[in-house]
Amino acid sequence: MLYMKTDLLIITALESELKRDALPAGVKIVYTGVGKINASIATYQAIHQHQPARIVNFGTAGKINPQIHGLLEIGTVIQRDMNAEPLAPRGKTPFSHAPVKYRSHAGIFVCGTGDSFVKGHDQWLHEQKIDLVDMELYAIAAVAHHHQIPWQSFKYITDDANEDSGKDWQDKVNHGEALYLAKLEQLLREA
């Protein structure tokens, strides 16, 4: 691959989702580990170390919307596991002025982030019109928003967010890599 200089920083939870060696030379990637706390810390550190002009998150997700599949661009992310009722409605952190939703400049799909692996029906997810679920994006978007850095996210659907999700995710965690790389090539051409 040819050498590309860019102000774009890729943030991914695990190397099993997108290998560093597969990236074009000059493209930076940070692995956060699983979950919102790890994603928050790693994103904050990465912003201070690399000072990116924009952040792109590649990752895996379970689908709530039965019509979706493949690689999807996220438009909005909410926090699905913040539940401090009656102090605040589910999804909102009580006594916080932070946004309840973070929006990317593109994408149409709604992602619900939480520190749990979704393995069954949750009516609230459907009521919020959540298309897919992950475990890091809300934290990445919150830190990017705090630093006024635009973000984009592309999620590869690995499972149906049901009782088979754990096995399905393990079987398909690396299936999105070729799609991520094709999307990255497109993003770099547009930059």
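Overview of values
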read-out: Debye intensity ratio I(q)/I(0), log10, the chain, q values 0.08, 0.11, 0.15 Å⁻¹ (C-alpha model); value: -0.24, -0.45, -0.85
read-out: Ordering of 76-84, 156-164, 57-65 by packing [mean C-beta count within 10 Å, highest first]; value: 57-65, 76-84, 156-164
read-out: Distant-in-sequence amide H partners of K28 (H built 1.01 Å from N, under 5 Å); value: I10
read-out: Computed over the chain: relative contact order in percent, which uses C-alpha pairs under 8 Å that are six or more apart; value: 28
read-out: The chain - share of DSSP beta bridges that are antiparallel (%, nearest 5); value: 25
read-out: Residues S153, S116 arranged by fewest to most Cβ contacts within 10 Å; value: S116, S153
read-out: On Cα atoms only, tilt of 36-50 relative to the major axis of the chain in degrees; value: 30
read-out: Integer Hz, Karplus 6.51/-1.76/1.60 couplings in order for the stretch 169-184, x for Gly and Pro; value: 4, 4, 6, 10, 3, 9, 6, x, 4, 4, 5, 4, 5, 5, 5, 4
read-out: Computed magnitude of the charge dipole of the stretch 8-190 (debye, nearest 20; Cβ of K, R +1, Cβ of D, E -1); value: 600
read-out: In the stretch 61-145, chymotrypsin sites (Phe, Trp or Tyr not before Pro) in a DSSP loop with at most 15 other beta-carbon atoms within 10 Å; value: F95, F117
read-out: 222 nm mean residue ellipticity, helices alone, for the chain (DSSP H n ≥ 4; -39,500 (n - 2.57); rounded to 500); value: -8000 deg cm²/dmol
read-out: Neighbour-count order for L87, L72, fewest beta carbons within 10 angstrom listed first; value: L87, L72
read-out: Amide H within-cut-off set for Q152, under 5 Å, with H built and near neighbours excluded; value: I55, V56, N57
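We did not get these values from a lab; they are worked out from the coordinates using the rules stated. Since this is a predicted model, take the numbers as computed values, not measurements. Heads up, the Cβs are rebuilt from the backbone with ideal geometry, glycines too, and the neighbour counts pull from every protein chain shown.
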